[in-house]
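A short worksheet on the structure shown next.
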Amino acid sequence: MKKLLLFKIILILAVAPAFGQQLPKEGDPGKCYVKCITPDKFEEYEETFVVEEAYTVIETIPPTYKEVEEKVVVKEETKEYTYIPAVYETVEVEFISKEEAKKLKAIPATFVNDSQETVVYPKTGRWEYKMLENCQSEDKEDCMYACYVEYPEQVEVIQQKKLDKDAYTEDVPIPEKKRTFKKRVVKTPARVEEKVIPAEYKTIKKIVIDEPAKTTTKTIPEVTRTITKTRLVQKGGMTKWEEIDCGLVNSSNILPILYEYNSARITNESKQVIDDNLLKLMKEKPALNIEISSHTDSRGNADYNMSLSQQRAQSVVNYLVTNGIARERLKSQGFGETQLVNECSDGVQCSESKHKANRRTEFRIIQGKM
């Protein structure tokens, strides 16, 4: 407690000349201040200018002729048709006489034992009077002395039962039933066969245009010049000093998000965790910038774990953006299995609880510019 109080005093003295006017005269215990700065945002773009406009050059060409032979019809082609009836056969057709279904089996909730300490009587102190031994004075008050005695606080441990796994249901399949019936179907459909009686032709000669009169058009293209320009998208600068809990500064704060196996999709339970913690904080402190980091355990391929962790961190960023948080206030980072919190690296036998400790999602406040 004394170290934390000393840290707060040093922090306030260090930053007081720069922003004392923005801070309250007396800060709340457990609060720190984060300097939130937004930079000027620029973007480059290209703009093209026409320095010489396009124009057209036209040239005319007269028509040319040629003699050709043409084959013409002197008796048109015709057709002769013959009708052939259909042929049938009997087949068995399978059908579902009773559709498949499922019934649900209820699995009850399970609990784990836990405990919590609470102060039932506070720390106190009082003056107590005592008598000196071998006092020679007749007035006993001359032999009395007072001591200030402190009595420690009294703590009681409360036993608790916490939900380990909530009740859920399992599907129990009921298979479908099938039967058959007989049906006459067309084996060979009715058809009409046709016989073509060819046309009769004669060759004639005629003079035709070989190439019609025409013009050729040549477009002289425009001459342009493209330059790169820069424009200001958003004016930056210091926004304000945000007062936050000291426990959130310069440290990674774990978000108890549980993902489905091999998935980066955020469950409804995890959305509630984000709403209650990170989303609430960022809406209350609109100048804060946050980095989301995600980690995996060491099991599986390292490259895949790195990719999966990045997807999971980005899914949290995307969820916050859809709930009104500006994307430029957020940064995502996947670390895969590179930052384990215990000894459970590749080849080390560990319990599931130890692997679970490595599968974590954290956030930290980024002070100043992103």
Count of residues meeting criterion [at pLDDT 85 or above and closer than 30 Å to Arg327 by Cα] in segment 41-70: 2
Filter result for Glu156 (assigned by TED's automatic domain parsing to the domain that holds Val112 and surrounded by fewer than 10 Cβ atoms within 10 Å (Cβ to Cβ)): no
Matching entry among Ala326, Ala287 (being assigned by TED's automatic domain parsing to the domain that holds Thr361 and in contact with a Cys (Cβ under 6 Å, 6 or more places away or on another chain)): Ala287
Helices (runs of 4 or more DSSP H) completely within segment 241-350 that count 2 or more residues being surrounded by fewer than 17 Cβ atoms within 10 Å (Cβ to Cβ) and touching a residue at least 24 places away in the same chain (Cβ under 8 Å): 302-322
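For the condition modelled with pLDDT of 85 or more, over 30 Å from Glu170 (Cβ atoms) and not in a loop (DSSP other than H, G, I, E, B), what is the one hit in Glu128, Glu141, Glu156?
Residue meeting the stated conditions: Glu156.
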Odd one out for Phe111 among (1) farther than 30 Å from Glu170 by Cα; (2) modelled with pLDDT of 80 or more: (1)
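The values are calculated or read from the model by the stated rules, or taken from the named source; none is laboratory data. Since we're looking at a predicted model, the values are computed, not measured. Cβ atoms come from the backbone with ideal geometry, glycine included; neighbour counts cover every protein chain shown.
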